[in-house]
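These notes are about the structure you will find just below.
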Amino acid sequence: MLQQLFFGYYAFMIIILSLLVVTRGNPVHSVMWMLLLFFHIAGLYLFLNAEFIAAIQVIVYAGAILVLFLFVVLLLNLREELSLRQIAGSWPAAFFIVAALFITVTAALGAYVQGPVGSYSIEAIRSETHTKALGRLLYTEYLFPFEIASLILLVAVVGAVVLAKRKLRS
Amino acid sequence: MVPLHWYLTLSAAVFMIGMFGFLTRRNIIIMFMSVELMLNAVNISLVSFSHYLQDMRGHILVFFVITVAAAEAAIGLAIIISLFRNKQTAHVDEMNEMKG
Amino acid sequence: MPIAMPNLIPVMPELVMTGVAIILLMAELVIKRKETLGFLSLISVGLISYLLLGSAGTTFGGMFVSDGYSTFFKLIFMANLVLTVLISPKYLQTMRINFGEYYALTLFATLGMMLMASAADIIVLYLGLELMALSTYVLAGFIRYDMKSNEAAIKYLLLGAFASAILLYGTSLIYGLTGTTNLRDIAVYITHNGLAKNPLLMVSMIFFAVAFSFKIAAVPFHMWAPDAYEGAPTPITAFMSVGPKAAGFAVLGRVFLVAFGSVKTDWSVILIPIAVLTMAIGNILALSQTNIKRMLAYSSIAHAGYMLLGIIAGTPAGISSVLNYMFIYAFMNIGAFAIVIMLRTEGFAGEDISDYEGLGKTHPTAAALMLVFMFSLTGIPPMAGFMGKFYLFMSAINAGYTWIVIVAVLFSAISAYFYLRIVMLMYMKEPKEVIQLNTSPGIGLALAVTVSAVILIGILPAKVLALAQQAVTSF
């Protein structure tokens, strides 16, 4: 019962905060609501026994990505923009499409059948700790994707410098 | 015990809110944030699937999704900055150099 | 814990590619003439193509597979890379964006495509796709001072990120249903547990179809393509119109035929309207364009529609005709873009279709080459484009989709109007103004390669087709 109450609180907050993020006119406010949203999602991850994911949700998502967003929003200082139309005129059509899609997906979720159960039960993860279990998999079975991820970060660094640096040698 | 369906419905709802934001908002930064919202929805469903399937693959995928999201944000914001240098706007309707 | 060294032979081409790209990034600091970097990447492509031929095998726990199918696609990516590097240097100088990172990023983008073609696991597929996409976004926005280029990059990035979110949602559903991300294991689980009629599987499949449609620019998910193609630097437009599209088809084929192979009747119902719409909208909107890059963007949308026919057929003949067409398309499309690049000089865009008026009189060779590419894109014999379309349509007819082929032939006839209009302008009109051609040895070589490929494959189509058929047998 307590668990369900907790979930209810998180779910309610997450929905309300996501609605606030997409409906606020001022991007700075959106970023702030998103920050709060990410903390709530991290709480949900703790609830699902994913401590490491909860930690990187706070450190990387809230700490790095959102700060980058906030930085750019403040740098650009889009005060005049606020007088422009913020929402496309065709929003009822978009609302209709999205609502139909939501109903379809939730209806289909009723047909969900549980997939095969693996060997990482809650006890197994607890005894090993989540970070260690994840790290061991990343460096053995998932070494290959892990290396590709490092290349993606390299491309991001090079790309961001090429695009945003003030002067480039030619 | 919270049933898996609750998590999946929550994830679907957040995904659809993000999609709605992407389709209707006209500020590039908020459109970009809507995509981040969609990615977070995916992460919620991956982590809950992982929990109920007692498997780590979902967590691994979430790890990669967060990495890629960081890279995407870096490049996206760099493009927005170079765009802003040429034209002081972050509004999609103001971008009309090309038509047809 | 003992650590077993994975078998590295299948990934050798990718490893060499990574090494060369990183060396180029560092060499850029000391090398003043940036063309040298292009030359270095050409040499590495030679080495990689050699390694590709002996790379068959599966490694990293079945996550990476190098088979005939992936090797054929990788050869297309190599051709795409070589031709792009050949047509780039002069353009980069004219636009004053001659930075060394350009070559490293094209290499990283190609590496991403190679990973996609070889991915046997959705995690690798997703990461390869992002590596390709992120590098291409940067390349599309490479002309930093140009508003159009910025716009192209941001539109491409927003829609690309949206598409990958959709792909991930589909992935999460399929993972929840089957407990795995390996494509073969997914297929096995679906057949063994009778999931074929599960509505959630259908929803997940639709999400995959939508995400891949974004990547190959199929209607109604094409809206980013005209803007991104028009605004991007022209060599990158050529690169984007072949590479990411081919990679998109590679994963589309592998995911739908391997993982969703048992529910083919269901996904063909989704892909048929997409294919018909793509051919219709692509060809009809191309009619009214005045900018040649934009026209070629709509033409590339239409060509994605033709190629979808081969996937819908789903037979080995269908898949091999897609490979065959993609190969031919790479040459004819980049050839056409090479001519567009030649018209660009400092202070003169040369991107209006009216700029081609009288080209036959002022520059007969360039006009003749353009004529060959336009004939090939239309599908007029004896050019390669005709043979490509012929095999595609035959495979669809043999699979029982005659009515779609009739529709495709009709739209292909419409396409003759806008391709041949350029030929008409070149030969029937008087030149308005004197146009200087901005040639270089690189562009000359690229044109020689593309035109001889288009004509040779047109006359002797059996060789490439046989290779494509052989590539599909191991699939």
Original post:
In the neighborhood of C:SER474, defined by Cβ-to-Cβ distances under 13 Å, what is the net charge if each Lys or Arg adds +1 and each Asp or Glu adds -1?
Top reply: 0
Subject >> Candidate aspartates and glutamates for bridging to C:LYS389, where Cα separation is under 13 Å - those fewer than 8 sequence places away on the same chain excluded >> reply: none
Original post:
Rounded, prolate or oblate: which fits region A:1-79 when a ≥ b ≥ c are the square roots of the eigenvalues of the alpha-carbon gyration tensor, with rounded for a/c under 1.5 and prolate only if a/b beats b/c?
Top reply: oblate
**OP:** Please work out the Cα center distance from region C:95-139 to region A:2-23, rounded to the nearest Å.
**Re:** 37 Å
**OP:** With only alpha-carbon atoms counted, please give the Rg and Dmax of the protein assembly as shown, in Å.
**Re:** 25.0, 84
**OP:** Please work out the Cα center distance from region B:1-35 to region C:318-355, rounded to the nearest Å.
**Re:** 39 Å
**OP:** Quick one, could you list the DSSP H helices from chain A stretching 20 Å or more along their long axis (Cα atoms) with average Kyte-Doolittle hydropathy of 1.6 or above?
**Re:** A:2-23, A:27-47, A:91-109, A:143-164
Original post:
Between region C:371-413 and region C:197-219, what's the alpha-carbon centroid distance in Å?
Top reply: 26 Å
**OP:** Specify which residue in the list C:ILE206, A:GLY159, C:VAL188 is farthest towards the positive end of the charge dipole of the protein assembly as shown, using unit charges on the beta carbon of Lys, Arg (+1) and Asp, Glu (-1), about the Cα centre.
**Re:** A:GLY159
Original post:
222 nm [θ] for chain C, helices only, -39500 (n - 2.57) per DSSP H run of 4+, per residue, to 500?
Top reply: -25500 deg cm²/dmol
Original post:
Taking one equal scatterer on every alpha-carbon of chain C, how large is log10 of I(q)/I(0) by Debye at q = 0.08, 0.10, 0.11 1/Å?
Top reply: -0.44, -0.69, -0.84
Subject >> Top positive-direction residue, dipole computed over chain C with Cβ charges, set C:ILE319, C:ILE270, C:LEU86 >> reply: C:ILE319
Subject >> Of the chymotrypsin sites (Phe, Trp or Tyr not before Pro) in region B:6-50, those whose Cβ has at most 14 other Cβ within 10 Å and which sit in DSSP loop >> reply: none
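Could you tell me which helices of chain C pass both thresholds, a Cα extent of 24 Å or more along their own axis and a mean Kyte-Doolittle hydropathy of at least -0.5, with helices taken as whole DSSP H runs?
Within chain C the helices that satisfy the rule are C:35-53, C:68-94, C:101-118, C:122-140, C:147-178, C:199-216, C:234-254, C:264-287, C:292-313, C:316-343, C:402-428, C:441-459.
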Original post:
Taking chain A as a Gaussian network, where each spring joins two C-alpha atoms under 10 Å apart, which residue of A:LEU74, A:LEU143, A:LEU46 fluctuates the most?
Top reply: A:LEU143
Original post:
Which of the aspartates and glutamates could a cross-linker bridge to A:LYS165, judged by Cα under 20 Å and excluding same-chain residues fewer than eight apart?
Top reply: B:GLU72, C:GLU28, C:GLU101, C:ASP146, C:GLU151
Subject >> Point-charge dipole on Cβ atoms (K/R +1, D/E -1) for region C:12-473, about Cα centre, debye to 20 >> reply: 320 debye
Original post:
For region B:4-92, what class follows from the C-alpha gyration tensor (a ≥ b ≥ c being the square roots of its eigenvalues): rounded when a/c is under 1.5, otherwise prolate if a/b is larger than b/c, else oblate?
Top reply: oblate
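Taking other Cβ within 10 Å of each residue's Cβ, how do A:TRP91, A:TRP33 sort, fewest first? Before the final figure, lay out each step's value.
Numbers: A:TRP91 13, A:TRP33 19.
Lowest count first: A:TRP91, A:TRP33.
Using the Cβ atoms and a cut-off under 12 Å, what net charge is assigned to the surroundings of B:ALA69, where Lys and Arg are +1 and Asp and Glu are -1?
It works out to a net charge of -3.
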**OP:** Could you work out how far helix B:28-53 tilts from the main Cα principal axis of chain B, as a 0 to 90 degree angle to the nearest 10?
**Re:** 10 degrees
**OP:** Excluding residues on the same chain fewer than 8 positions from C:LYS197, give the lysines whose Cα lies under 26 Å from its Cα.
**Re:** C:LYS264
**OP:** Could you line up C:ILE281, C:ILE319, C:ILE455 from fewest to most neighbouring Cβ atoms inside 10 Å?
**Re:** C:ILE455, C:ILE281, C:ILE319
**OP:** Take A:LEU75, C:LEU134 and order them by how many other Cβ atoms sit within 10 Å, fewest up front.
**Re:** A:LEU75, C:LEU134
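Within 10 Å, at most 14 other Cβ atoms, and a DSSP state outside H, G, I, E, B define an exposed site. Report the longest part of chain C free of exposed GluC sites (Glu not before Pro).
Numbers: sites that count: C:GLU346, C:GLU433.
Counting only loop sites that pass the neighbour cut-off, the longest clear stretch is C:1-345.
Coordinate-derived values only; no laboratory data. None of the values given here were measured: they were computed from a predicted structure. Ideal geometry is used to build each Cβ from the backbone, glycine not excepted, and the neighbour counts take in all protein chains shown.
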